[in-house]
Amino acid sequence: MTMQSEMHITAESIVDAEAELVAAHERDFETTRERVSRNGVDTDAVVDEVARFSVAAPSWAVGTGGTRFGRFPIGGEPRTTEEKIDDVAALNALTGANRTVSLHIPWDDPTDPVALREHAAAAGITFDAMNSNTFQDNPSTTGDGSVSYKFGSFANSDPDVRKRALEHNRAVIELGMQLGATATTVWLADGTNHPGQANFRRQFERVAECLRELHESLPDDWEMYVEHKPYEPAFYSTVNSDWGSSLLLAQHAGTRAKCLVDLGHHLPNANIEQVVSRLAMVDRLGGFHFNDSKYGDDDLTVGSIHPYQFFLVVLELLDTGGGAMPPVRYMIDASHNLKDPLEDLLQATDQVQLTLAQALLVDRDALTEAQDGNDPARAAEILQAAYRSDVRPIVAEARRRNRAAIAPLATYRRLGYRAATVAARGDESVATGL
């Protein structure tokens with residue numbers, strides 16, 4: 001296999017690379033099917049749901065992450081939005097579950113949206129929710145420098161700044177329309193760092209009115225997602241700080257405004273699965289960003305710190321969807337400071353698939369009976385029986401039926417994709433927008 005062919009991972013190259021794994025996988029899957037079926041679970045139904053599910057890859061996550069102290073690119077990073085899409089296509093070829101990409105504007109600002117859409121289509125990738133950026137000044141959003149987002153965008157006391165922020169968000173929607181997207185996500189860094197710096201109520205009201213104006217600009221088939229976060233970069237107060245604030249803003253904006261939940265955007269020990277339940281109850285759960293957290297918004301690999309909490313969150317999502325993942329926007333929002341970005345995305349996607357399979361094994365009827373019978377010990381046993389199940393053969397089978405990889409990370413390394421990107425793009429390439 002040549003370096004050039006390695007830049008395009010195909011179903012055929014995966015089959016060749018994994019030929020020696022097939023027999024063992026088939027034995028493992030049949031053993032798992034027999035074990036799961038004894039508990040009354042339709043294994044094929046679980047495989048089908050895992051195979052159906054897809055989670056978007058964000059364009060910024062295919063480059064190396066960083067902190068305010070530094071960033072260490074690894075070589076072969078995508079230099080253009082087209083190359084980012086190529087990396088997402090390689091990721092999707094291995095997982096079968098990353099069929100969409102989420103762009104961040106102006107980090108991704110194509111000069112020819114039609115050509116970009118065609119490029120993505122040829123790679124089997126479509127565009128998920130668009131993401132606007134008003135948390136940093138950029139010539140494409142703040143123009144000649146006469147305005148600045150230093151003291152906020154939608155919450156800013158200066159009407160010219162709010163106007164410029166609205167113009168940027170509308171431009172993001174216009175670009176999304178050309179790409180075939182049907183949703184936009186608005187995350188605001190607006191807040192304060194010092195007591196007394198701004199009036200909480202007036203800031204919130206300004207944001208609410210801007211979101212209402214933006215909602216009025218939505219095409220008929222679009223939705224808008226408001227994303228909450230308790231702190232960072234503002235550390236004293238954030239305008240959209242929690243799910244309650246997010247819900248108020250969405251309700252004020254309009255019927256097609258919904259809330260987006262990021263696993264890292266909560267204060268320590270928050271009951272995120274209950275947040276999911278509350279937003280779903282009022283039909284305002286619009287999007288979900290998967291990652292994990294040790295201290296704050298760490299953007300760590302999905303399931304690497306709190307896997308059981310993630311399992312409980314997925315249970316709530318399945319409850320919302322009547323036993324299937326509901327049609328909200330899912331995305332992996334991670335930052336890989338040390339790992340190969342694609343390897344981290346492979347591990348994150350694998351964990352999402354594994355957790356979904358575990359959650360699908362829960363005996364819902366028995367759980368309801370235990371809950372209604374006020375039997376917490378029995379309820380815990382039911383959850384743990386599913387959570388402790390080894391579902392790796394089920395997930396591998398789901399990927400295989402999608403013509404993806406049985407063992408994505410090992411196969412990625414075997415195919416030499418990173419070495420191929422370094423050869424093609426250079427060992428000093430740095431992903432755009434980071």
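Bear in mind that the values in this text are calculations on the coordinates, not laboratory data. Predicted, not measured: the structure shown is a model, and the values here were computed from it. FYI the Cβ positions are ideal-geometry reconstructions off the backbone, even for glycines, and counts take in every protein chain you see.
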Legend entry - Cα-Cα P(r), the stretch 257-320, percent of pairs per 10 Å interval: 23, 57, 20, 0
Inset, instruction - For the stretch 266-398, restrict the atom set to alpha-carbon positions and state the Rg and Dmax in Å. - result: 15.2, 49
Inset, instruction - May I ask you to list the trypsin sites (Lys or Arg not before Pro) in the stretch 82-179 that are in a DSSP loop and have at most 15 other Cβ atoms within 10 Å of their Cβ? - result: 150
Inset, instruction - Find the percent of Cα-Cα distances in the stretch 286-337 that exceed 15 Å, and round it to a whole number. - result: 49 percent
Inset, instruction - Search the structure for amide H atoms under 5 Å from the amide H of residue 191, placed 1.01 Å from N in the peptide plane, and list their residues when 5 or more places away or on another chain. - result: 239
Legend entry - Largest-first principal axis extents of the Cα set of the stretch 22-119 (Å): 55, 36, 25
Legend entry - Prolate/oblate/rounded label for the stretch 159-298 (Cα gyration tensor, a/c 1.5): oblate
Legend entry - Three-way shape call for the stretch 116-182 based on the alpha-carbon gyration tensor, with the a/c threshold at 1.5: prolate
Inset, instruction - Go ahead and estimate [θ] at 222 nm for the chain from helices alone: -39,500 (n - 2.57) per DSSP H run with n ≥ 4, summed, over the residue count, rounded to 500. - result: -14500 deg cm²/dmol
Legend entry - chymotrypsin sites (Phe, Trp or Tyr not before Pro) lying in DSSP loop within the stretch 166-267, provided at most 13 other Cβ fall within 10 Å: 235, 236
Inset, instruction - Take every Cα-Cα distance within the stretch 381-434, group them into 10 Å bins from 0 onward, and report for each bin the whole-number percent of pairs it holds. - result: 20, 26, 26, 19, 8, 1
Legend entry - Derived scalar couplings ³J(HN,Hα) [the stretch 164-172; Karplus, 6.51 cos²θ - 1.76 cosθ + 1.60; whole Hz; x for Gly, Pro]: 5, 5, 5, 4, 5, 5, 5, 5, 5
Inset, instruction - Starting from the Cα gyration tensor of the stretch 194-252, take the square roots of the eigenvalues, sort them a ≥ b ≥ c, and report rounded, prolate or oblate (rounded when a/c is under 1.5, otherwise prolate if a/b is larger than b/c, else oblate). - result: prolate
Inset, instruction - Would you mind telling me the antiparallel percentage of the DSSP bridges in the chain, rounded to 5? - result: 15 percent
Legend entry - Rg over Rh [alpha-carbon atoms, Kirkwood Rh] for the stretch 108-222: 1.03
Legend entry - For the stretch 55-70, 3J(HN,Hα) per residue [Karplus equation, 6.51 cos²θ - 1.76 cosθ + 1.60, θ = phi - 60°, Hz, x = Gly/Pro]: 10, 5, 9, x, 4, 6, 7, 8, x, 5, x, x, 10, 5, 8, x
Inset, instruction - Output the relative contact order of the chain, whole-number percent, from Cα pairs under 8 angstrom with separation of 6+ residues. - result: 24 percent
Inset, instruction - Could I have the simple spin-label model distance between residue 121 and residue 10, label points 7 Å from Cα toward Cβ, reported in nm to one decimal? - result: 2.2 nm
Inset, instruction - Please report, to two decimal places, log10 I(q)/I(0) for the stretch 343-430 at q = 0.14, 0.17, 0.19 Å⁻¹ as given by the Debye formula with identical point scatterers on the Cα atoms and no solvent. - result: -0.65, -0.80, -0.89
Legend entry - Loop chymotrypsin sites (Phe, Trp or Tyr not before Pro), the stretch 284-359 (other Cβ atoms within 10 Å of the site Cβ: 14 or fewer; DSSP): 295
